Amino acid sequence: MKRLIPLALTGGLVTACQTAPLADAGFLSAYDGLTARDDTVRASIRQRRDDAAAGAIERVYLEPAVLVGDAGSQVSEADRALVLREVDRQVCYEVSERFTISPTPDGAARVRTGVIQINPTGQAGSGVSAVANVLIPGPGTFRVPGTTGGLAAEAELLAPSGAQVAALAWARNANVVGTDTPSLSRVGDALQMAEPFGDAVGDAIAPTGREARPIPD
């Protein structure tokens, strides 16, 4: 059975996969040279990297992710902690595929991560979507417009000297139509976005040609 989408909603589906870029949040030590990537559909990505400097780095220390400004003010303290923990987990996994993680910052480069925005998931709309997607089989999911949440974050790689080697400004909202799973949690979508953000951090800071190494799950 094909899934039917109301015609009244199709006008908004054209831009449903696009996330608008956010203004500089002031977390990064520098924003000069950030360039928007045009090969992404769902996320807004601006990044820069000094490839030679990144290639000279092997050991990195991961600073715990922090909230920037009023990020997460619309959700509970417990939910904010959940998002920060998941962001840390995903960033750690991706960075450790490309660098050796140092237990201390002494003599190591540093990766800093700031969560700029946590867009809450609309619980009522997500509940309706979850039921609809169970009752109407088909590929992908359909979300009620206006109920999707998301995540925006910035990250940078700093050399042991403190100089910025690479930087990333990233944002993505859940899609109205796609593979983002509806959740009754206020931070359900933000938690889902932590994984692609971690992927983007790894890609942004790793030097060209450095292949991902296998690590335990």
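Just so it is clear, none of the values below were taken in a lab; they were calculated from the coordinates. Everything numeric in this text was worked out from a predicted model, so none of it was measured. For neighbour counting, all protein chains shown are included, and Cβ atoms are generated from backbone atoms with ideal geometry for every residue, glycine included.
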Notebook entry, point to check: Which value, in debye to the nearest 20, describes the size of the charge dipole of the stretch 37-127 about its Cα centre when Lys and Arg Cβ atoms bear +1, Asp and Glu Cβ atoms bear -1, and nothing else is charged?
Noted result: 100
Notebook entry, point to check: Once both labels are modelled 7 Å past Cα along the beta-carbon direction, what's the Asp24-Thr104 spacing in nm?
Noted result: 3.5
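Add +1 for every Lys or Arg and -1 for every Asp or Glu among the other residues with Cβ under 13 Å from the Cβ of Tyr31, and state the total. Let's see the in-between values first.
Values: positive: Arg46, Arg48; negative: Asp24, Asp32, Glu154, Glu156.
Within the 13 Å Cβ shell, the charges total -2.
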